[in-house]
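Below: one structure, written as structure tokens.
The values are calculated or read from the model by the stated rules, or taken from the named source; none is laboratory data. Since we're looking at a predicted model, the values are computed, not measured. Here the Cβ positions follow ideal geometry from the backbone for every residue, glycine too, while neighbour counts run over all protein chains shown. All accessible areas refer to the heavy atoms of the entire protein, side chains included, with ligands and DNA or RNA removed. Shrake-Rupley method; radii C 1.70, N 1.55, O 1.52, S 1.80 Å.
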Amino acid sequence: MSVLLNGLRYAIRQLRKAPGFTLVCVLTLALGIGANTAVFSVMNAVLLRSLPVADPGRVVYLRTSNPPLGTGTIDTRETFSYPVYDALRRQGRGLSPVMAYVPLSTGKVAVRNGAQPEEAEGDMVSGTFFSGLGVRLARGRGFSGQDETNHAPIAVISYSYWTRRFAQDPDVLGKTLYVNGVAMTIVGVAAEGFEGVEEGASTDFWIPLQSRPELNAWGNPPEDGKTYIVNPTWWELRLIGRLAPGVTKKQAVAQLQSVFQTAAYVGLGNPQPGEKRPTLSLQDAKSFPGYDEMYGKPLRILMTMVGFVLLIALSNVVMLLMARNATRQREFSVRLALGAGRRELFRQLLTESLLLVAAGGILAWLFATSATKALGAWAQIESSLAPDHTVLIFTLSILALAALLFGLAPLRVVLSAGPALALKTSAATSDTDAGKSRTSKIIVTLQMALCVVLLVGGGLLVRTLRNLENTPLGMRVEGLVVFGVKPDIKSVPEGVAFYQELMRKLRILPGVEAVTIMDERLGSGWSENSDMKVDGKLPDVANGAARTVRSNVVGPDFFTTLGVPVIAGRDFADSDTAASPHVGIVNEEFAKRFLPNQNPLGHVVGPTGINWNMTIVGVVKDHKYRSIDEEPIPMAWYMYAQIPIIGKMHVEMRVQGDPLAILPSARKAVQQMDPNLPLIQPMTQRAQYDLTISRQILFARLAGFFGFLAVVLVATGLYGTLAYRVNHRTVEIGVRIAVGAQRSQVVWMVLRDSLRLTAFGVTIGIPLALLVGRALTSTLYGVKPYDVTSYVFSALGVALVAIAASVIPSRRAASIDPLTALRSE
């Protein structure tokens, strides 16, 4: 212990003697390891971490190939009808139990505890949800089968919601939480860390499956008065199950398939001739569903890129250590001459590297913790990304590897310092620098190559983001603000009257130019999709194009408010009521595909299977609907007052000045009509569209940051290498100048070495960058993976970095005084 403490004190003194070296090493490690830890933390939470439930390896998501014909669905692979859930949970084979869960809204839902309404994310779940998943309760109890059967008005809240909303009030049990105006008694608090089983969402509360119309699945208004429980034509429930003991996924599917296929047609009749029956499948619930498709490939690419940054950072520290320990050769030689063993010298180097790594690791963890929160915000991932033990092990492994590497890297330099070296002159020892010089050159060349790869990848992603941000939306999005409201409405006339009065109140607010409403929010990713009849029959389409049409239910002056040009006919008006002829509006793509070379006005359209026939009274320019990067698709719009469905709607307002400044006045107007109504997800329409490219924003920002970080690290490494070489060639350069070498020739000598290394690095880096560009193909928009501009600018950028890093060493070499150099010798 005494020896270790003495070594530790000596290592601290050595590092304190070189504060600049120590600071650069620690910051380099913090940036390199911290960036890796942050990206790995996101990757771990999104792709690797299992659901926080008991024995997650036995938990599976239920999937289907397709729903039966004539049904509507939220997701063709992930949602099921209530009869299917009821049949699967009763059969008792293969899966034990089968659990159902379904959001109360496509976004957040109106809740209230106390006087002030707010919004939160809530799910309806089966009675076996918590017990079947094995989720512990921090307080109170979960649900039972009886709670599900009786549709009990109770709720379990998440630990994070308990903390955020109730400040961990120990008396929270028994409090009332109003959900869409329905009173729910809080009976439990879920264990910390459990945030539900939905992708990209952090569920705030859960209630048992309900049959009330105001608590219908996904916030959809009941169709013909039927909620999801009694309406088999809507497949809206998501199912999750636990494999029965001793049963494999394959065996479970075999046991459940016939039950599933029979239940799929309950309430629908027999399959239509030639119809392909749906099939059941099971998917491991090791992580949240859909995350791998959404983030898997880009995150793996980013992990590779940040791994390159780590290599550059570690190699920089290795070069700094080698250069520093080369200047300590005489010290090591003297210690050997005085009896120190080579093992003691290695232990001393390892102690110093451990100190550097420990300091860098602490800063890296702090940096990673903050960076992980930023990554989650940028990517719109609501589930917890907090580093866990897996991330800690990953970070500690990197630190241990770095400590060993930093202890071993300069060891050859130390061992080459025999006792006799202390008696030699610098000229006599100059030949020992050749090997170290070659090593440094190889490392710098590889750094240059990796820098090219990172700059090309960052350039392609940044250009993709710029293309997306500059994509025309087809409307005047500036000045638009949007929010949702979900009033407690009992009938269609009551709903029409509510929204008429709401729009009247909002239109008279100061600064408001126009107000309208819509069922599906623009830029939310949601839409109603169905085949469309034209003049009573399915239209003929050219080249096998699809007949699928997106539709939306909107209010008066919809396109005027949005600033979408009406190229034929008119916009919706207040005079379009339930008593007037039913009208619809289509876009250019609809007219081109279904009514080519015809005047669309006057034709009658309507979705298949539903008696909603509308006469086309207007044609509008194609514009972005679900996302910024979508391609044009046929669209149709209907007037809300003429459709027998009224529920949650989104309000679109065009205002003068800052759009968000109108929200307090709008909130007051809404609560004058119903004090229980919060504004759901209020934001500018521009921000709503930006959410659709949140992943591209995240990856472009990260790639750009990694490229910038690589440039800084490469410049630092090259500068250190050149400065070290100049210092060790002081005598040589002094002699050259003494015998007539011009100072410009000395400058060129240093620059030539730098440019030679750059040329080699670019030559190696370009082929690697081509591979990266090919891997990024699916994430690019408006730019080719082999974009020449990106490659040229990356090569020029590396060259400029090399020249900039060479300026100070070359000027220092040119300013060497021959007499001073010879005297030092």
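Structure summary
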| quantity | calculated |
| --- | --- |
| Qualifying residue in segment 167-182 (condition: touching a residue at least 40 places away in the same chain (Cβ under 8 Å) and within 24 Å of Val59 (Cβ to Cβ)) | no |
| Check on Asp574, in a loop (DSSP other than H, G, I, E, B), over 28 Å from Leu506 (Cβ atoms) and either of a type in the set (S, T, N, Q) or at pLDDT below 95 (or both) | no |
| Options Arg89, Arg63, Arg58; residue that is among the charged types (D, E, K, R) and over 32 Å from the mean Cα position of the chain (by Cα) | Arg89 |
| Ile816 of a type outside the set (Asp, Glu), assigned to a helix (DSSP H, G or I), modelled with pLDDT under 80 and open to solvent by less than 30 Å² (accessible area, probe 1.4 Å) | no |
| Inter-residue pairs, beta-carbon under 9 Å, first open to solvent by 30 Å² or more (accessible area, probe 1.4 Å) and in segment 252-272, second of a type in the set (Phe, Trp, Tyr) and not in a helix (DSSP H, G or I), 6+ apart | Pro271/Tyr265 |
| Residue, surrounded by the most Cβ atoms within 10 Å (Cβ to Cβ), within segment 564-573, restricted to residues that are of a type outside the set (A, V, I, L, M) and more than 16 Å from Asn599 (Cα to Cα) | Phe572 |
| The one condition in (1) in contact (Cβ under 8 Å) with a residue 60 or more places away in the chain; (2) open to solvent by 10 Å² or more (accessible area, probe 1.4 Å); (3) out of contact with any helix residue (DSSP H, G or I) (no Cβ under 9 Å at 6 or more places or on another chain) that Leu31 fails to fulfil | (3) |
| Matching helices (runs of 4 or more DSSP H) fully within segment 665-776 where at least 2 residues are farther than 30 Å from Pro510 by Cβ | 694-728, 730-738, 743-775 |
| Selected residue [within 17 Å of Leu522 (Cβ to Cβ) and surrounded by 16 or more Cβ atoms within 10 Å (Cβ to Cβ)] from Phe559, Phe594 | Phe559 |
| Residue satisfying all of: in segment 646-670; in contact with an Asp or Glu (Cβ under 7 Å, 6 or more places away or on another chain) and under 19 Å from Phe572 (Cβ atoms); modelled with the highest pLDDT among these | Arg654 |
| Restricting segment 140-153 to residues that are surrounded by 20 or more Cβ atoms within 10 Å (Cβ to Cβ) and in contact with a helix residue (DSSP H, G or I) (Cβ under 8 Å, 6 or more places away or on another chain), the residue that is nearest to Ser126 (Cα to Cα) | Phe143 |
| Segment 682-696: number of residues that are open to solvent by less than 10 Å² (accessible area, probe 1.4 Å), modelled with pLDDT of 90 or more and not polar (S, T, N, Q) | 1 |
| Selection count where residues are touching a residue at least 60 places away in the same chain (Cβ under 8 Å), open to solvent by 10 Å² or more (accessible area, probe 1.4 Å) and farther than 20 Å from Ile207 by Cβ, scope segment 76-107 | 6 |
| Segment 584-637, residues that are over 17 Å from Asp535 (Cα atoms) and charged (D, E, K, R) | Glu588, Glu589, Lys621, Asp622, Lys624, Arg626, Asp629, Glu630, Glu631 |
| Hits in segment 201-237 (condition: assigned to a helix (DSSP H, G or I) and open to solvent by 40 Å² or more (accessible area, probe 1.4 Å)) | Pro213 |
| Qualifying positions in segment 156-177 - of a type in the set (Gly, Ala, Ser) and not in a loop (DSSP other than H, G, I, E, B) | Ser160 |
| Matching residues in segment 155-190 - criterion: being within 25 Å of Gly241 (Cβ to Cβ) and open to solvent by 10 Å² or more (accessible area, probe 1.4 Å) | Tyr159, Val187 |
| Test for Arg736: is it within 30 Å of Ile803 (Cβ to Cβ), among the basic types (Lys, Arg), open to solvent by 10 Å² or more (accessible area, probe 1.4 Å) and more than 36 Å from the chain's Cα centre (by Cα) | yes |
| Residue list for segment 122-165, filter: free of Cβ contacts under 8 Å to residues at least 24 places away in the same chain and touching a Lys or Arg at 6+ places or on another chain (Cβ under 9 Å) | none |
| Some residue of segment 345-364 being under 24 Å from the mean Cα position of the chain (by Cα), at pLDDT 65 or above and in a helix (DSSP H, G or I) | yes |
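Yes or no, residue by residue, for (1) of a type in the set (D, E, K, R); (2) open to solvent by 20 Å² or more (accessible area, probe 1.4 Å):
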residue	(1), (2)
Ser575	no, yes
Phe590	no, no
Gly602	no, yes
Lys621	yes, yes
Asp629	yes, yes
Ile643	no, no
Arg667	yes, yes
Ile680	no, no
